[in-house]
Amino acid sequence: MAVALLAPLPAGAADKASDAKAHADRARRLYDLRLYDKASEEFEAAYRDSGDAAYLYNLAQSHRLAGHNDQAIRNYELYLEKVPQAPNRPDIEKRIAELKAAAPPPPPVVTPPQTPPPTPQTPPPPVVVVAAPPVQPMPAPDQHRHDRLFVRALIGPSYSEMKTNDTSELALSGTAFGGALAVGWSLTDRWVAFAEVTGTVIPDPKATIKGGTVKADGRVNLTVLGGGVAYYLVPANVYFSGTVGGTQAQFTVDGKKYRTHWGVGANIAVGKEWWLTRDLGLGAALMIHRSQQKDAGGGPGVHATWTTTAVIIAASATYN
């Protein structure tokens, strides 16, 4: 029976993996500052220490943005040679063709003089490469990266309607003012998790009872407290989000205040953002709310269950 013996890793292998990560971290910071010449030096050192092919793509990106077309082409091609099934292969091949089309014609080929064959040498010992964690390719400088703390505020006009399920067929509706504040953390470049508070105010709502309409003297406040997630389409910066949480309505009628019990509701939203700086963006969003709350007694819909629908068209500001 043959027995395979595993040789221990050289003492310096772990040090090289640590050095590669340090070079990569410095390269990302230089890349964010658009110091592409220095970033390319650090990415080259990270690849030299780790052998991870993903660094070749980042090295090619840095050379291209620094104007080093030949080095960019060479590293793009080497990356595709190392990772032939790369998911972004069509984009890289297109980039290589553009760089080659922009390059000046090559100088004439000069045949070098004949030289004697080199003296055979002892081959070097095999290089032991320690596998490093996958490296995420760097985005283009004009593409926003979702990372760290996430804060988004929405504010704008709204239309809200609350209906009861009892025999009075009572409904309160009207033009409202709505907003939301979400605070969370970026899980990846596309996914964000957050806690959110949403509120709408209907001043002097229209009251409908069995088909008859009167103007109510008062105000309706709706509050939503919950948590949700958002998914971003990158690099379009279009997002879809959903929130589930507790909801409560408060009524002020003729100076008296009433409320409902806490119920369950949900928000869904779609929006678009334009990033002004690396961390600050402005945008627009459409949010739809739906919830149910049981009346707490004494209010305009005694012992009824209210169904609430609200639509908010909002401007947004995002810090991320």
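Brief remarks on what is shown
- None of Lys256, Lys210, Lys272 is among the charged types (D, E, K, R) and under 30 Å from Val151 (Cβ atoms) except Lys272.
- Of all residues in region 27-36, those satisfying the criterion of being of a type in the set (Lys, Arg) and in a helix (DSSP H, G or I) are Arg28, Arg29.
- Residue, modelled with the highest pLDDT, within region 155-170, restricted to residues that are of a type in the set (A, V, I, L, M, F, W, C) and farther than 18 Å from Gly265 by Cα: Ile155
- Just one of the listed residues (Thr198, Thr252) is in a strand (DSSP E or B), of a type in the set (S, T, N, Q) and over 18 Å from Ile288 (Cα atoms), and it is Thr252.
- Single match in Thr260, Thr243 (criterion: surrounded by 14 or more Cβ atoms within 10 Å (Cβ to Cβ) and more than 24 Å from Ile313 (Cβ to Cβ)): Thr260
- Given (1) at pLDDT below 95; (2) closer than 26 Å to Pro205 by Cα; (3) of a type in the set (A, V, I, L, M), index of the condition Leu280 fails: (2)
- Among (1) within 20 Å of Ile288 (Cα to Cα); (2) exposed (fewer than 15 other Cβ atoms within 10 Å of the Cβ) - the single one Gly211 does not satisfy: (1)
- A single entry from Leu149, Leu181 fulfils the requirement of being exposed (fewer than 13 other Cβ atoms within 10 Å of the Cβ) and at pLDDT 90 or above: Leu149.
- Residue within region 222-239 that is surrounded by 14 or more Cβ atoms within 10 Å (Cβ to Cβ), of a type outside the set (A, V, I, L, M, F, W, C), over 26 Å from the mean Cα position of the chain (by Cα) and assigned to a strand (DSSP E or B) present: yes
- Residue list for region 265-286, restricted to those being among the aliphatic types (A, V, I, L, M) and over 20 Å from Ser158 (Cβ atoms): Leu276, Leu280
- Candidate set from region 42-86 (those that are of a type in the set (Asp, Glu) and touching a residue at least 12 places away in the same chain (Cβ under 8 Å)); member that is surrounded by the fewest Cβ atoms within 10 Å (Cβ to Cβ): Asp70
- Val244 vs. criteria in a strand (DSSP E or B), touching a residue at least 24 places away in the same chain (Cβ under 8 Å) and farther than 15 Å from Val151 by Cα: no
The values are calculated or read from the model by the stated rules, or taken from the named source; none is laboratory data. Every value quoted in this text rests on a predicted model; they were computed, and no experiment measured them. All Cβ positions, glycine included, derive from the backbone under ideal geometry; neighbour counts span all protein chains shown.
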